[in-house]
Amino acid sequence: NGAHVQSGSAVNWANFFPEGTHILAMPDWKQPRLFVSAQPRGLRWRASRLFPATTLLARVRRWLLRGWAQIPGRTRQSHEPYILQTRLPEMWNRNALPVAALLGTPGPAQKLVVQFADANGIVAGYMKFGESPAAMRRLEQEFRVLTNLPNGLGPGPLKLKKIGTGLGLFLSAVQGSPLPGRVAPCAHTMRLLHRFQLGAE
């Protein structure tokens, strides 16, 4: 609807979409968690998968939200300055634009995760961004840990870069799909808990 996009978060996510981008909020604009570039619709569907879900019930809810996200007329237009215009890392071999931005848990160390994809919706990489001292310290620590890991054990740390008033950690894309979270503890854990219970009686 062309409205100016506002954010109640400490991190201004709107700065990470090009000006004029039509954006959809999930689950809604009252309590947004994920912001998705609305065009084209096929790209919107792929990008909305970034909405977090581990349990079966949460994955069903995410699927319903992703379907709801395809309904026209629920978008707003960003008019914020795009601070990544001259800062996109050169490590990606294809043109990539931000297609989704996921807000982390509110608090002193809140971070924003921006997903970049090419015109076909293929994910090129990610950027984690933080502005608070606690968030920037955690990004620096994550960069050191990932740098020391053997190749293939996680996302590749591409660059740690000053972005505006914060710090951005650029990461390569990881191939594959996340494993679903376990709802119940495994049999070994249940046996161990049973032994603890017998010992306490």
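The values are calculated or read from the model by the stated rules, or taken from the named source; none is laboratory data. A quick note: this is a predicted structure, and the numbers were derived from the prediction, not measured. FYI the Cβ positions are ideal-geometry reconstructions off the backbone, even for glycines, and counts take in every protein chain you see. Note: accessible area is taken over every heavy atom of the protein model, side chains too, but ligands, DNA and RNA are not part of it. Shrake-Rupley method; radii C 1.70, N 1.55, O 1.52, S 1.80 Å.
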For GLN110, net neighbour charge (Lys/Arg +1, Asp/Glu -1) across residues whose Cβ lies under 15 Å away
+3
List the residues, sorted by chain then number, that are 5 or more residues from ILE23 or on another chain and whose placed amide H is less than 5 Å from its amide H.
ALA38, ARG76, GLN77, SER78
What whole-number value in Å² describes the accessible area per residue of the stretch 20-61 for a 1.4 Å probe?
54
Whichever lysines have a C-alpha closer than 19 Å to that of LYS162, once near sequence neighbours (fewer than 8 apart) are set aside
LYS111, LYS128
Please report the accessible area of LYS128 (heavy atoms, 1.4 Å probe, ligands and nucleic acids excluded) in Å², nearest 10.
50
Label-point separation in nm, LYS159 to ILE71, each point 7 Å along Cα→Cβ
4.1
Give the calculated FRET efficiency between LEU56 and GLU140 to the nearest 0.05, with a Förster radius of 22 Å applied to their Cβ-Cβ distance.
0.05
Count charges around VAL11 for me, please; just the other residues with Cβ under 13 Å from its Cβ, Lys/Arg as +1, Asp/Glu as -1.
+1
